[in-house]
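Take a look at the structure set out below.
The values are calculated or read from the model by the stated rules, or taken from the named source; none is laboratory data. Keep in mind that what you see is a predicted model, and the values were worked out from it rather than measured. Glycine gets a Cβ as well: all are built from the backbone with ideal geometry, and neighbour counts include every protein chain shown.
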Amino acid sequence: MQLLTALLLPTYPDPPGPKVAANAVAVANQLGATLDATVINVDIPDVSNALSSLLLDLPAKIREANAASRNRGKAFLDAIAAEAARCNLALTSQALKAQPAFIGETAAREGRYFDLCMVSWAHNVQSIRAIAEEVVFNSGRPTLVLPGDEDVGALDHVVIAWDGSRVAARAVADARPFLERASTISIVTVTDEKVLPHEDAGDRLADGLAARGLPAKVEQILAGDNEIGAALEDHALRINGKLLVMGGWGHSRIRDFVLGGATDGILSDLRLPVLMSH
């Protein structure tokens, strides 16, 4: 069955990183998947009155913001089309629009029609992180969060953050297309962050993967004084991991996310591609 991937790109208020088009095409190519590129442009309604129009020229500012968003969207779709053509990748594309408060919701809703969502990440850009969180928690699909400023390369060493939880199990299942193509699989458990369900939780996962023809090595680490997300990323990079797989912990309270420590840490300082499932 053909794997369907989607790149979800908001164009307002901040554009995603410059590498997102090339990275998304590279990932879809590695998976032998098709790619749908969806830009979500802003549609700010004109709610100005006579006074605001006179003093602030609000209608013109709204038109400028909407036009800038559409122009960014067109530029992204052109860049992705050129990259997909260069790599001979099957590509579809579309441009949607949404009011500012509903851009993330629109992205998450669109992602439900695909097997894998991809979103960009940029350091210290809260609007882009918010979109990533919305897709992770509300699309119902595994979401690959891509660094926006560097090439991802071959995702041939997959590092699984394993604590025996439901969301971690879901993430491992969702990562199967990556695991089947990996040359190295590492299972990492953090032993001083919380009580694990079994002392041999990592070994049990490794046995299950081996039974599926996916040999993996097991490692235990200590977070120590570090945040657990930072400890996981540090270790993944130290062992030359190319993709971190983990469950996304979090709850939504009227659209305000309360994130688990590992999830918050990863999304605060992403340094390698991370596949999250919720």
Study note, to complete from the structure: Within segment 175-191, residues surrounded by fewer than 21 Cβ atoms within 10 Å (Cβ to Cβ) and in a helix (DSSP H, G or I) come out as 176, 177, 179
Check your understanding: Has segment 163-181 got any residue that is within 25 Å of the chain's Cα centre (by Cα) and farther than 19 Å from residue 248 by Cα?
Key -> yes
Point to revise | Answer from 127, 93 - the residue that is part of a helix (DSSP H, G or I) and either touching a Cys at 6+ places or on another chain (Cβ under 7 Å) or surrounded by fewer than 21 Cβ atoms within 10 Å (Cβ to Cβ) (or both) | key: 127
Point to revise | Residues (touching a strand residue (DSSP E or B) at 6+ places or on another chain (Cβ under 8 Å), of a type outside the set (Ser, Thr, Tyr) and either within 17 Å of residue 121 (Cβ to Cβ) or without any contact (Cβ under 8 Å) to a residue 40 or more places away in the chain (or both)) located in segment 142-160 | key: 142, 144, 145, 146, 147, 148, 152, 155
Practice item. Looking at (1) of a type outside the set (Val, Ile, Thr); (2) buried (at least 19 other Cβ atoms within 10 Å of the Cβ); (3) over 21 Å from residue 34 (Cα atoms), find the lone condition where residue 164 falls short. Key: (2)
Review point. Does residue 14 satisfy the criteria of being in a loop (DSSP other than H, G, I, E, B), under 19 Å from residue 134 (Cβ atoms), modelled with pLDDT under 95 and in the same structural domain as residue 100 (by TED's automatic domain parsing)?
Key: yes
Practice item. Please state which of the following conditions residue 74 fails to meet, knowing it meets all the rest: (1) among the basic types (Lys, Arg); (2) surrounded by fewer than 17 Cβ atoms within 10 Å (Cβ to Cβ); (3) in contact with a helix residue (DSSP H, G or I) (Cβ under 9 Å, 6 or more places away or on another chain). Key: (3)
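Every residue, every condition in (1) at pLDDT 90 or above; (2) surrounded by 14 or more Cβ atoms within 10 Å (Cβ to Cβ); (3) touching a Phe, Trp or Tyr at 6+ places or on another chain (Cβ under 9 Å), yes or no:
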{"site": "207", "(1), (2), (3)": "yes, no, no"}
{"site": "216", "(1), (2), (3)": "yes, yes, no"}
{"site": "243", "(1), (2), (3)": "yes, yes, yes"}
{"site": "251", "(1), (2), (3)": "no, no, yes"}
{"site": "265", "(1), (2), (3)": "no, yes, no"}
{"site": "277", "(1), (2), (3)": "yes, yes, no"}
Review point. Is at least one residue of segment 35-47 of a type in the set (S, T, N, Q) and either at pLDDT below 95 or farther than 29 Å from residue 274 by Cβ (or both)?
Key: no
Study note, to complete from the structure: The condition of being surrounded by fewer than 18 Cβ atoms within 10 Å (Cβ to Cβ) and either modelled with pLDDT under 95 or farther than 19 Å from residue 127 by Cα (or both) holds, among 24, 79, 84, only for 79
Review point. Name the pairs whose Cβ atoms lie under 8 Å apart, with the first residue in segment 216-231 and more than 25 Å from residue 178 (Cβ to Cβ), the second part of a loop (DSSP other than H, G, I, E, B) and not aromatic (Phe, Trp, Tyr), and 6 or more positions between them or separate chains?
Key: 222/191; 222/192; 224/192
Check your understanding: Got at least one residue in segment 216-224 being among the acidic types (Asp, Glu), within 11 Å of residue 188 (Cβ to Cβ) and not in a loop (DSSP other than H, G, I, E, B)?
Key -> yes
Study note, to complete from the structure: Within segment 130-174, residues outside any helix (DSSP H, G or I) and β-branched (Val, Ile, Thr) come out as 143, 145, 152, 158, 159, 160
Practice item. Give me a count of the residues in segment 87-117 that are among the charged types (D, E, K, R) and without any contact (Cβ under 8 Å) to a residue 12 or more places away in the chain. Key: 0
